[in-house]
Structures are given as C-alpha cells and as structure tokens.
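Inspection log for the structure reproduced underneath, given as structure tokens.
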Amino acid sequence: MKNIVFVFVMVLMLGSCKDATKNLMPAVTGKINQVLIIAEKNTWDGPVGDTIREFFGQEQDGLPQAEPIFDVLNLPERYFDKNMKGHRNVLQVVISPSIDSAYVQYADSPWAKTQKYIKIAAPDRKTFFKLFDENKLKILGIYAKAERDRLISVYKRTADTRIFNLFKKKYNILLYCPTGYYVNKDTTNFVWMSSETTKNSKGIIFFTEKYEHESQFNYAIIFDRVNEELKKHIPGPREGSYMALDLEVPYTAVQYKYNGHYAVLFRGLWMVVNDFMAGPYELNVVLDEEHQRVIYMMGYVYYPNEEKRDMMKQVDAILNTMVIDYKDKEEKTK
C-alpha cells in the first residue's frame, strides 16, 4: 500500500513540475499573423522558398484590398538563437541527402508558451514538395488557430464586465468582449457595440430570431434579414444613410459546426447606403437548437486606405469567444 501511495505522489509531483515548467516559459515573440521560416539561403531563394511564400502569401478572403493570410520572415538556422526561438509560429525546413527518412514534426510550446513549431525534413526538393503539399493545409490551420486562441485568451482575461453581464443575463450567452468596446444600442434582441478611434472603428453586431424553418439558412434570406436589421438600427453619417451588406461584390460562405452547432460563416464587404463608408465584415449565423433560435453575430472594420487583416482577426476572435451551452457545461461539472 505504501508503494502505491509513493507512486501516486510521484506522478502528481511530475505532473506539477511539468505544468510549472510550462508556466515559467516566456511569452511568444514576433508580429501577429507572421510565420518565421528557418531555412538556409540557397533553399529560401529557390523554388522551395517560392512555394512557401506563395502558399502563405495567398490573399486573405473578405478584404477590400489584397493582403496575405500570413506574413513570412526567413532566417538561416545559424541565426536561430535564444533571441529568435520564442517566435510565435516557426516552420523549419531542412533538405539534406543525409536525411534517411522524410518527416514532418509538430511541437507545441518548445521554447515559449502557445508557440507552434513545425519541422519538415526531406532528403531532396522533390520529397519536400510532396510532404509540403500533403501537409500545408494542416500547417496553415495550426498557425491560424493558434493566433485566434492567443487573442481569445487575452480577451477572456480582459473582458468588459458590463458587456459580459449583458449577454449572460439577457441572452444566456457568454461573450468575452475586451475593454475598449462600448454598447451603442441595446434593444429587443439587438445589440451593437464598437471600439472607436480617430482613425478606425471595429464593431460587433448581434441579434436573434426564433427558429422556425430550415429556409432561414438560405443565403439570400440571411442577407435580407441582416440588411433589414442594419437599416433599422445602424444609421450612417448623413441623413438617409445606413449600413448594409454589399451584395454587388463577391463573398465567401462556409457551412461548419460552431462548437457543435450548425452554422454558416460569411466574409465579404459592407457599405453605407447614400455615403462612401465601407469595409470588411465577418458574419456567423448559428443555430441554437436548445433555445430554438438563430443567432446572428457580425464583426466589421472601418479603416479607410489602410490594411485591415489584423483588425479583422481581432473581431473574428471576439465572435469566437461566444459560448451558447455554458449552462449545460456548468451542470455537468456539478
């Protein structure tokens, strides 16, 4: 019996030491939405580098001007020292005939908290291209999710108490909106919040309606419903002007599961009717089966003549802090 207790205590101690070591790690460094590529110059300056740059440099959808999904920064391995090893997203590429078996290695937080490190090792370029092509979407997803999760972690620590309580008490939803956002309008089943500076604006729009039929998820019906609410609640700067989704420009739509709930994610551009204001938006339409309602959660950015990718990532993270089933989770933990 004493031996069993001793082993149990040792397991607890080892687990605690591991957690403590992780907590002592430094925070990640580097710019948000940036990937550090560790590769030698002769690799980076050739077809391998071109392939990596082209992939991460593809356009982020839903923006009015071309911006890459990720920025990339190259560094030869000899410069990958303690000052650089804490970078948030690292992709190391090693191509050498001395490598017997090609592989892709994934590691979480090897040198910094929340860090994502991926290594692709191959004996030749042909093998690298095959490995990269097979794994590139997974790699992109890992980096993108890590960036969102980092923002969500910050927003949960810095959530505005008034906004948090508004959504919890009135809508039975947890929403972690960071300080700096203010409620512009709170009416029956409609909330509009924004963070304003002299140069730009970020906003969150929320409303619900009773779920009655699957046709409510028809795209045309969704757009009409959103524009109806925008016209009613969000006026523009001039008399007779109001916010609307711009249906004359391309948009993307993806059906997926939002924390287990059927949802559709739209990205496109909004405009102000009878004015010149415009910008990108992201719209989540989520089916809440338990409460028989459809939740509309939209984020937008206004930053004329400037890059908007990073700001849109910030509102995207706020939209993804929403928790619908928190009461069920609380019951399960009791």
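The values are calculated or read from the model by the stated rules, or taken from the named source; none is laboratory data. Keep in mind the model is a prediction, meaning the values are calculated, not measured. Note: ideal-geometry Cβ built from the backbone for every residue, glycine included; neighbour counts use all protein chains shown. Quick note on the areas: whole protein, heavy atoms, side chains included, nothing else; ligands and nucleic acids left out. Shrake-Rupley method; radii C 1.70, N 1.55, O 1.52, S 1.80 Å.
Condition check ((1) farther than 18 Å from residue 310 by Cα; (2) out of contact with any strand residue (DSSP E or B) (no Cβ under 7 Å at 6 or more places or on another chain); (3) modelled with pLDDT of 80 or more) across all residues:
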{"site": "10", "(1), (2), (3)": "yes, yes, no"}
{"site": "29", "(1), (2), (3)": "no, no, yes"}
{"site": "33", "(1), (2), (3)": "no, no, yes"}
{"site": "37", "(1), (2), (3)": "yes, no, yes"}
{"site": "54", "(1), (2), (3)": "yes, yes, yes"}
{"site": "62", "(1), (2), (3)": "no, no, yes"}
{"site": "69", "(1), (2), (3)": "no, yes, yes"}
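Here residue 161 passes the criteria (1) within 23 Å of residue 34 (Cα to Cα); (2) open to solvent by 70 Å² or more (accessible area, probe 1.4 Å) except the one numbered (1). If you go through region 213-227 and keep only what is exposed (fewer than 15 other Cβ atoms within 10 Å of the Cβ) and free of Cβ contacts under 8 Å to residues at least 24 places away in the same chain, you end up with 213, 214, 215, 218, 220, 221, 224.
Conditions (1) of a type outside the set (Gly, Ala, Ser); (2) farther than 30 Å from residue 261 by Cβ, marked per residue:
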site	(1), (2)
107	no, yes
111	yes, yes
122	no, yes
137	yes, no
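Kindly indicate whether any position in region 299-312 is closer than 14 Å to residue 206 by Cα, within 23 Å of the chain's Cα centre (by Cα) and of a type in the set (Phe, Trp, Tyr).
Yes, region 299-312 contains a residue that is closer than 14 Å to residue 206 by Cα, within 23 Å of the chain's Cα centre (by Cα) and of a type in the set (Phe, Trp, Tyr).
Out of everything in region 81-130 that is aromatic (Phe, Trp, Tyr) and buried (at least 16 other Cβ atoms within 10 Å of the Cβ), what residue ends up being farthest from residue 150 (Cα to Cα)? Here the residue is 128.
Checking each residue in region 161-195 for being in a helix (DSSP H, G or I) and either among the aromatic types (Phe, Trp, Tyr) or in contact with a Lys or Arg (Cβ under 6 Å, 6 or more places away or on another chain) (or both) picks out 164, 167, 171.
Could you please find all residues in region 301-331 being assigned to a strand (DSSP E or B), open to solvent by less than 50 Å² (accessible area, probe 1.4 Å) and closer than 19 Å to residue 197 by Cβ? Selection gives 301 alone. Among the residues of region 273-300, those that are open to solvent by 10 Å² or more (accessible area, probe 1.4 Å), of a type outside the set (Phe, Trp, Tyr) and part of a strand (DSSP E or B) comprise 273, 278, 287, 293. Would a scan of region 229-245 turn up a residue that is in a helix (DSSP H, G or I), open to solvent by 60 Å² or more (accessible area, probe 1.4 Å), of a type in the set (Asp, Glu) and under 30 Å from residue 325 (Cβ atoms)? Checking region 229-245: not a single residue is in a helix (DSSP H, G or I), open to solvent by 60 Å² or more (accessible area, probe 1.4 Å), of a type in the set (Asp, Glu) and under 30 Å from residue 325 (Cβ atoms).
Among the residues of region 246-261, those that are under 23 Å from residue 320 (Cα atoms) and of a type in the set (A, V, I, L, M, F, W, C) comprise 253, 254. Taking first residues from region 168-188 that are touching a residue at least 40 places away in the same chain (Cβ under 8 Å) and of a type in the set (Ser, Thr, Tyr) and partners that are open to solvent by 50 Å² or more (accessible area, probe 1.4 Å) and not in a strand (DSSP E or B), the Cβ contacts under 8 Å between residues at least 6 apart in sequence or on separate chains come to 176/156.
Any idea which of 303, 326 is modelled with pLDDT of 95 or more and of a type in the set (Phe, Trp, Tyr)?
Unique residue meeting the criteria: 303.
Comparison of 134, 147 shows that the only residue that is closer than 27 Å to residue 33 by Cβ and more than 20 Å from the chain's Cα centre (by Cα) is 134. Here region 196-209 is the region considered, the condition is being part of a strand (DSSP E or B) and out of contact with any helix residue (DSSP H, G or I) (no Cβ under 9 Å at 6 or more places or on another chain), and the residue that is least open to solvent (accessible area, probe 1.4 Å) is 201.
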